[in-house]
Amino acid sequence: MRSFALTGGRASPGSESFELLTYVVTVPWSSGYSGLHLQPEHLSILEHAERPASVAEIASHLSRPLGVVRVLLNDLQEMGAITKYSPTPTANRPDDRILQAVIDGLRAAG
């Protein structure tokens, strides 16, 4: 499915931001959610995030652009199906652009 169709034409996740190193985890009740109004990618995120996973990991797992994953994560957060938390900031945290380049390189190698 094309990215445009996955996000319903939305290019921005809305007011919430999901940085590459933000972790998301499925809210326990949502693991049994029937999937009403959820696309297969939403369900894949819920399954992958049963244990805390970073936004970068999820984007790599889905093989989708980061912007698309951020929109899908926002959908799930609005439904109450996931919760997010940011890791403790460190002085040597790499820039998001560097992490995105690493993800792109790993995809190209695989």
If you scan segment 51-77, which residues turn out to be open to solvent by 20 Å² or more (accessible area, probe 1.4 Å), within 17 Å of Pro28 (Cα to Cα) and in contact (Cβ under 8 Å) with a residue 40 or more places away in the chain? Gln77
Restricting to segment 40-70, name every residue that is farther than 19 Å from Gly80 by Cβ and touching a strand residue (DSSP E or B) at 6+ places or on another chain (Cβ under 6 Å). Ser54
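Select from segment 78-110 the residues that are in contact with a strand residue (DSSP E or B) (Cβ under 8 Å, 6 or more places away or on another chain) and at pLDDT 85 or above and write down the one among them that is surrounded by the fewest Cβ atoms within 10 Å (Cβ to Cβ).
Going through the qualifying residues, I end up with Tyr85.
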Among (1) open to solvent by 50 Å² or more (accessible area, probe 1.4 Å); (2) modelled with pLDDT of 55 or more, the one test that Gly35 misses: (1)
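The values are calculated or read from the model by the stated rules, or taken from the named source; none is laboratory data. Model, not experiment: these values are computed from the prediction. Glycine gets a Cβ as well: all are built from the backbone with ideal geometry, and neighbour counts include every protein chain shown. Keep in mind that these areas ignore ligands, DNA and RNA; they rest on the heavy atoms of the full protein, side chains included. Shrake-Rupley method; radii C 1.70, N 1.55, O 1.52, S 1.80 Å.
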